[in-house]
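Engineer: A single structure is presented below for examination.
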Protein chains: 2
Amino acid sequence: MPHKSSISVADVTIIDFRVIDLRFPTSLDGVGSDDMHTFSNGRGSEVICLCLDIFAERVIGKSMADLNANMGKTWRYMVSDSQYRWIGPDESVTHLAAAGVPNAILKKAQVGKEERVQDALRNRAVPAYSTSQGGPLMRAMLSSNSKVGTDLEADCARLAAVRDILGYDNGYHIMIDANQFKPVYIEEQTNPDDVLGHESIQKALKLYGVGVATGEAVQNWVTFKQLLQAEATDVAQIEAVRLGSVNECLAVMVMAKAFGVPCAPQNGAIRLTELTSHLSLIDYIVVSGQRNTLEFAENKRNKKYLKYAAEVKDAHYVTPMQPGYRIGYNKGCVENFEFPGGEVWRSEEGKRMTGGDKIPKL
Amino acid sequence: MPHKSSISVADVTIIDFRVIDLRFPTSLDGVGSDDMHTFSNGRGSEVICLCLDIFAERVIGKSMADLNANMGKTWRYMVSDSQYRWIGPDESVTHLAAAGVPNAILKKAQVGKEERVQDALRNRAVPAYSTSQGGPLMRAMLSSNSKVGTDLEADCARLAAVRDILGYDNGYHIMIDANQFKPVYIEEQTNPDDVLGHESIQKALKLYGVGVATGEAVQNWVTFKQLLQAEATDVAQIEAVRLGSVNECLAVMVMAKAFGVPCAPQNGAIRLTELTSHLSLIDYIVVSGQRNTLEFAENKRNKKYLKYAAEVKDAHYVTPMQPGYRIGYNKGCVENFEFPGGEVWRSEEGKRMTGGDKIPKL
């Protein structure tokens, strides 16, 4: 028998997989409180799980050595099934070109890399801000037109109260006069696919010194390419779990660098932060060389279930030192949060929450 | 009991539904032979079926009177679940604006409508062409560079033979010199999301009198709006089963009319033709007022299973006179073609075809 230490990750062959639908009841903590995140993408997860079942099949029988030898090739392999491409060609054949782009530009970022690695080792690579605690960069928050508060939190509370009274599905609009507060930028002003629409808005707002930030609902690098090409956004807000893995995030980062636009991954309270802190670290060390501020939000109630929970110290992310791009769960997590069989979802409170999923009246 | 004739469609209430995965082995007939249609969207159908199960739930308990009273409202209702929107905001909130657009522009198309209705009644509304039989408009087909045939069919046969030898998945490219043949247009030159890319290609080809036609893989009206805005396409090739129902097809038709671009629905051999013939008819009578040629292709082997199969006479579509936007299947269709339990798919030939679905080597 070989000595134990001679077995490396490269020798591991994937022989099986299991897709688990884990759902954290984030609405209980009011984290991720915009209407698209209230339930952290609750309904719809069954569709994603089916797709994971299908795509995970493709790596059965492959070794980690095979898969890691050429990540670009692996990525092309994962997205190249022509029949699955038909149902959403966001991952279509021209997608492949992205993989080749980084190499050329990444060279430039070598200057000063050693210093930036040192910054990372002392947790000074990724500045953090939080909408709940304040931070080095105040996120652009809009204030209600009728009555304006004296600070950010009061404004947020007032807007939330107004929206709670009006309801989210009753067709009421809230008009906000944001201009007088000179926000740094305004997020997601129109349909995420509408590059030319964003371009018009960006040009119009620029006259008032207000920026445009978009990207969290952008499907792929092709749309990011156009947003940058048209100078339609001032920040590239990539969404780590929407773009096709680290590869596609890297492609967008490199393009953003080429266009002189900062890349700020969209963030969420639980499990997304754990991925984006890796991305911003990579961005700082080998892509932009710039410290791009990354939002921080945590789910205090359920943080204990994460093996490698993201942490912030002195307004900077603590550099993740574990290899790999994943979260890791502690014992009890699956038992509690698997949907719909986990303890949380079988409890009275859990039933009440999913009961709220009833289909509204036409 | 009320008299039988007093019960109308409006009284029907939807109490249940069943999603059936019907797959026709179109590869046997060589229809729909481009690589994205070889299997008529075979793999991937399970994902679509799951989504249909989810969305069909929303109409349970509703009457046809409710649903038809205001189709715009019904459409908004179908696409407005915020959590499902998260997994693909192609159907996002700004989508709704599309529903209001048609009314304003449709008025103009009233001039000469009565004559066009008469054209429809004598089957002269929708001119047809076919890539296999020739027709009034020859589709732009490219000829192989090395040896050029004397006619369309010979060119197609030669290209197909070259591709068969090279294989589809071995990384071989076929270089084609199309310019000398002055094609009317070239289809789908780059990623369907890439409006600015299409714009560059359109401008460059225009100098040579060659047009650009795109749209069959375009996700939604937002991207069509941009393609038209940027003058990036000379034909709006809507895909009836990709856009969100007749409503969204209408929105694109109206925009195409406003930009002076013909709308030619993408077509396929079985079941798609049955929908697009309705769309082109509507386009002629109340939207563009122009006879926009529609491709025709039929699956002779399986046509007998369709209750209202599209037909062409004298190079024009026979106007469909049955109300509704659907296909209708004859007895034996489900028994034969349901996947994977139908007779065709359980047969040796069927197993051989799906056996070809094996995952390729990395």
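Engineer: Give the residues of region B:56-73 that are in contact with a Phe, Trp or Tyr (Cβ under 8 Å, 6 or more places away or on another chain) and surrounded by 13 or more Cβ atoms within 10 Å (Cβ to Cβ), sorted by residue number.
Structural biologist: The answer is B:Ala56, B:Arg58, B:Val59.
Engineer: Limited to region B:304-318, what total is found for residues that are open to solvent by 30 Å² or more (accessible area, probe 1.4 Å) and outside any loop (DSSP other than H, G, I, E, B)?
Structural biologist: 5
Engineer: Restricting to region B:198-208, name every residue that is part of a helix (DSSP H, G or I) and farther than 17 Å from A:Asp193 by Cα. Explain how you work it out, then say what you get.
Structural biologist: The first filter runs over region B:198-208 and keeps only residues part of a helix (DSSP H, G or I), leaving B:198-206.
Residues satisfying the conditions are B:Ser200, B:Ile201, B:Gln202, B:Lys203, B:Ala204, B:Leu205, B:Lys206.
Engineer: Out of the residues in region B:319-362 that are among the polar types (S, T, N, Q) and part of a loop (DSSP other than H, G, I, E, B), state the one that is modelled with the lowest pLDDT.
Structural biologist: Among those residues, the one meeting the criterion is B:Gln322.
Engineer: Also, quick follow-up: Got a sec? Which of B:Arg301, B:Arg291 is assigned by TED's automatic domain parsing to the domain that holds B:Val241, open to solvent by 50 Å² or more (accessible area, probe 1.4 Å), within 18 Å of the chain's Cα centre (by Cα) and among the basic types (Lys, Arg)?
Structural biologist: Working: B:Arg301 fails: within 18 Å of the chain's Cα centre (by Cα).
Checking each option against the conditions leaves just B:Arg291.
Engineer: So which of B:Glu199, B:Glu248, B:Glu216, B:Glu239 is more than 14 Å from the chain's Cα centre (by Cα) and within 14 Å of chain A (Cβ to nearest Cβ)? Don't jump to the end; show me each part of the working.
Structural biologist: Values: B:Glu248 fails: more than 14 Å from the chain's Cα centre (by Cα); B:Glu216 fails: more than 14 Å from the chain's Cα centre (by Cα); B:Glu239 fails: more than 14 Å from the chain's Cα centre (by Cα).
It is B:Glu199.
Engineer: Restricting to region B:269-288, what's the tally of residues that are acidic (Asp, Glu) and either assigned to a loop (DSSP other than H, G, I, E, B) or at pLDDT 90 or above (or both)?
Structural biologist: Taking region B:269-288 first, the residues acidic (Asp, Glu) are B:274, B:283.
Add one more test, that the residue is either assigned to a loop (DSSP other than H, G, I, E, B) or at pLDDT 90 or above (or both), and what stays is B:283.
Summing the residues that are acidic (Asp, Glu) and either assigned to a loop (DSSP other than H, G, I, E, B) or at pLDDT 90 or above (or both) in region B:269-288 gives 1.
Engineer: Are there any pairs, at least 6 apart or on different chains, whose C-beta atoms fall under 7 Å, with the first in region B:244-267 and more than 23 Å from B:Ala297 (Cα to Cα) and the second outside any helix (DSSP H, G or I) and small (Gly, Ala, Ser), and if so, which?
Structural biologist: Taking only residues 6 or more apart or on different chains, the pairs are B:Val252/B:Ala236; B:Ala256/B:Ala236; B:Lys257/B:Ser288; B:Val261/B:Ala236.
Engineer: Could you list, in sequence order, all residues of region B:209-267 that are closer than 28 Å to B:Ala56 by Cβ, open to solvent by 40 Å² or more (accessible area, probe 1.4 Å) and either in a helix (DSSP H, G or I) or assigned by TED's automatic domain parsing to the domain that holds B:Arg76 (or both)?
Structural biologist: Correct list: B:Ser245, B:Leu250.
The values are calculated or read from the model by the stated rules, or taken from the named source; none is laboratory data. The structure displayed is predicted, hence computed values, not measured ones. Using ideal geometry, Cβ is built from the backbone for each residue, glycine included, and neighbour counts are taken over all protein chains shown. When the accessible area is computed, the model is the full protein with side chains, heavy atoms only, and any ligands, DNA or RNA have been set aside. Shrake-Rupley method; radii C 1.70, N 1.55, O 1.52, S 1.80 Å.
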